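Enquirer: One structure coming up, written as structure tokens, with questions to follow.
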Amino acid sequence: MIRPLTQDETRSLLMEGSVGRLGCIDNGAPYVVPISYVFHDDNIYVHSLVGRKIRALRKNSRACLQVDQIKDEYHWRSALAFGLYEEVTNEQERSWALRRLLSRFPQLTPVESVPVHDGQSSVIVFRVRIEETSGVGEG
């Protein structure tokens, strides 16, 4: 039977997860992409090169993350986190987030995080500052 998850269960699922689907609005339409993330202190930390999702989030900062844990069709949990996109520009926080992301996902290409010729990194580090969560599960 499907049941709502408690806030603790929802946050636990977000903490345990590592891959989710980020939803945003691009030119008035939903746009959803898979991402690798780190959840910390009610923030979802992500790094990305500039592309469609970054351009969309810069125009409309509303975002959501959906994370699943699926054992089989009768045993699953799903969490949603809604919040606001913010680029991380503070060097100390940016460095912390990149270290956490690259240590959790060592197969991600670290060259994306290396400064380019002008001394600036071409990668965007951002967070979704969570305002609301919900979750459901079965089994």
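Enquirer: Quick test for you: out of Tyr85, Tyr31, pick the one residue that is touching a Phe, Trp or Tyr at 6+ places or on another chain (Cβ under 8 Å), of a type in the set (Phe, Trp, Tyr), at pLDDT 95 or above and assigned to a strand (DSSP E or B). Working first, answer last.
Expert: Values: Tyr31 fails: touching a Phe, Trp or Tyr at 6+ places or on another chain (Cβ under 8 Å).
It is Tyr85.
Enquirer: Oh, and also: For the stretch 17-26, state whether one or more residues are assigned to a loop (DSSP other than H, G, I, E, B) and within 18 Å of Ile124 (Cα to Cα).
Expert: No.
Enquirer: For the stretch 11-36, name all the residues that are under 16 Å from Arg129 (Cβ atoms) and touching a residue at least 40 places away in the same chain (Cβ under 8 Å).
Expert: Those that are under 16 Å from Arg129 (Cβ atoms) and touching a residue at least 40 places away in the same chain (Cβ under 8 Å): Arg11, Leu14, Gly20, Leu22, Gly23, Cys24.
Enquirer: Checking Ser48 against (1) over 23 Å from Phe105 (Cβ atoms); (2) modelled with pLDDT under 95: exactly one of these is not met. Which one?
Expert: Unmet condition: (1).
Enquirer: Here's another thing I want to ask about it. Just checking, how many residues over the stretch 14-43 are over 11 Å from Val67 (Cβ atoms), exposed (fewer than 14 other Cβ atoms within 10 Å of the Cβ) and among the charged types (D, E, K, R)?
Expert: Selection size over the stretch 14-43: 1.
Enquirer: Looking at the stretch 103-139 only, could you name the residues that are surrounded by 13 or more Cβ atoms within 10 Å (Cβ to Cβ), modelled with pLDDT under 80 and charged (D, E, K, R)?
Expert: Matches in the stretch 103-139: Glu112 only.
Enquirer: Based on what the data block shows, is Ser103 assigned to a helix (DSSP H, G or I) and of a type in the set (Ser, Thr, Tyr)?
Expert: Working: assigned to a helix (DSSP H, G or I): yes; of a type in the set (Ser, Thr, Tyr): yes.
For Ser103, the condition - assigned to a helix (DSSP H, G or I) and of a type in the set (Ser, Thr, Tyr) - is met.
Enquirer: Within the stretch 61-82, work out how many residues are surrounded by 14 or more Cβ atoms within 10 Å (Cβ to Cβ), over 16 Å from the mean Cα position of the chain (by Cα) and either of a type outside the set (Lys, Arg) or modelled with pLDDT under 95 (or both).
Expert: Step one: of the stretch 61-82, the residues surrounded by 14 or more Cβ atoms within 10 Å (Cβ to Cβ) are 61-69, 76-82.
With the extra rule that they be over 16 Å from the mean Cα position of the chain (by Cα), the set shrinks to 76-77.
Imposing the further condition that a residue be either of a type outside the set (Lys, Arg) or modelled with pLDDT under 95 (or both) reduces the set to 76.
Result for the stretch 61-82: 1.
The values are calculated or read from the model by the stated rules, or taken from the named source; none is laboratory data. Keep in mind that this is a model prediction, so the values were computed, not measured. Positions of Cβ are generated from backbone atoms using ideal geometry, with glycine treated the same way; all protein chains shown enter the neighbour counts.
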